[in-house]
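Worksheet: one structure, shown below.
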Amino acid sequence: MAIPDITLNDGHTIPQLGFGIYRVTGPDAQRVVETAIEVGYRHFDGAALYDNEVELGRAIAASGIPREEFFVTTKLWRDHHGRTEPHAEIARSLDRLGFDYVDLYLIHWPHPTLGKYLDTWLAFEEIRDQGLARSIGVSNFRQEDLAVLVAESRTTPAVNQVELHPIFQQGELRTFHRGLGIATEAWGPLGHGTYSVSDIPSLVTIGEAHGKSPQQVVIRWLLQEGVIVFPKSSTASRIAENFDVFDFELSEDELTVIRGLDEGRRIGYDPATA
Ligand code: NAD
């Protein structure tokens, strides 16, 4: 199954559907990534925080598939913000992954109260210039944080990875991203384990009309909205199910119903105070 690519503002491409690897560690992490590779996923969303870069790198190496066929993201955690710290930290991430480069390096959270994210971003530009990250971007940045980077640096982030799911659709932020050419990535697309999209009757009904699960409907909705998405599961059947979303299309009416589910209600941390 060919996964559509999105072209980022720096010219690199990213598979629009990937696999998230939060909350799975040790041998389970390697097994889950190997399963996902067998299913066909080539885009993996990791982070230093997730404590599974070693297993992610091992699973990719064990696949025998060339490194350049994968798109791997990792993220810098809050302890390493600043003008110099990110250089040491990307070296540690690459060492754990066993890679020469990552495809995408993200600032995990802005932590505006630390007052360091611009310095971190200037270091990220150098990391990109050195070829250690093909693309650089951010996560959980607010409009005002993005505006600082655009005004004070050479580089508009390639992506902003933010909480985005049926009850928190981020319409205003996504419009802001479009204006700047920033691609939107969705985290927690299936409810982040806090709620289940299976409990939303209209998603069940739409799914039944297509012979699909509510989870597949949500992934399909995000793909049709132009959002990059990487659902997470540790269960082989669900890993396959979440990939099986390219043989149906939601109608305009169905998209309107899903857009109507937005409650503007965050389930994760608020980036202003996290
Ligand atoms: P998710 O919304 O993808 O998944 C939530 C839960 O849904 C899973 O734990 C699983 O139990 C269940 N699920 C998955 N597929 C299912 C299916 N087909 N049927 C029924 N249930 C199913 O949650 P997530 O892991 O929070 O988000 C996805 C990825 O986003 C993460 O793995 C991580 O890579 C990234 N993430 C980033 C941040 C950030 O701050 N940048 C925060 C959270 C997550």
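The values are calculated or read from the model by the stated rules, or taken from the named source; none is laboratory data. Worth saying up front: this structure is predicted, and the values here are computed from it rather than measured. Note that each Cβ is placed from the backbone with ideal geometry, even for glycine, and that neighbours are counted across all protein chains shown. Protein only, heavy atoms only, side chains kept; ligands, DNA and RNA dropped before computing areas. Shrake-Rupley method; radii C 1.70, N 1.55, O 1.52, S 1.80 Å.
Taking region 24-56 as the search range and keeping residues that are outside any helix (DSSP H, G or I) and more than 13 Å from the ligand (Cβ to nearest atom), which one is farthest from E163 (Cα to Cα)? Only one residue fits best here, namely G40.
Evaluating H81 against the criteria (1) without any contact (Cβ under 8 Å) to a residue 60 or more places away in the chain; (2) in contact with a His (Cβ under 7 Å, 6 or more places away or on another chain); (3) within 15 Å of I14 (Cα to Cα) leaves one unmet condition, (3). Taken together, L203, L223, L149 contain a single residue that is of a type in the set (A, V, I, L, M, F, W, C) and within 18 Å of the chain's Cα centre (by Cα), which is L223. Being farther than 22 Å from F141 by Cα and either surrounded by fewer than 16 Cβ atoms within 10 Å (Cβ to Cβ) or within 12 Å of the ligand (Cβ to nearest atom) (or both) holds for only one residue in A59, A91, and it is A91. Selection of region 109-165 for residues being of a type outside the set (D, E, K, R) and either without any contact (Cβ under 8 Å) to a residue 24 or more places away in the chain or in contact with a Cys (Cβ under 7 Å, 6 or more places away or on another chain) (or both) yields G115, Q130, A147, A151.
Consider V54 carefully, then state whether it is buried (at least 20 other Cβ atoms within 10 Å of the Cβ) and out of contact with any strand residue (DSSP E or B) (no Cβ under 6 Å at 6 or more places or on another chain). Answer is no for this residue. Residues that are within 16 Å of G20 (Cβ to Cβ) and open to solvent by 30 Å² or more (accessible area, probe 1.4 Å) number at least 2 in the following helices (runs of 4 or more DSSP H) confined to region 167-274: 236-241. The single residue among D100, D5 that is open to solvent by 50 Å² or more (accessible area, probe 1.4 Å), within 23 Å of N242 (Cβ to Cβ) and modelled with pLDDT of 95 or more turns out to be D5. Close Cβ contacts (under 7 Å, 6 or more residues apart or on different chains) running from residues in region 211-230 that are closer than 14 Å to E252 by Cα to residues that are modelled with pLDDT of 95 or more and assigned to a helix (DSSP H, G or I) comprise V217/L203; V217/I206; V217/G207; W221/L255; W221/I258; Q224/L255. Being within 12 Å of the ligand (Cβ to nearest atom) and either surrounded by fewer than 20 Cβ atoms within 10 Å (Cβ to Cβ) or under 23 Å from P189 (Cβ atoms) (or both): is that true of I21 here? The answer is yes for I21.
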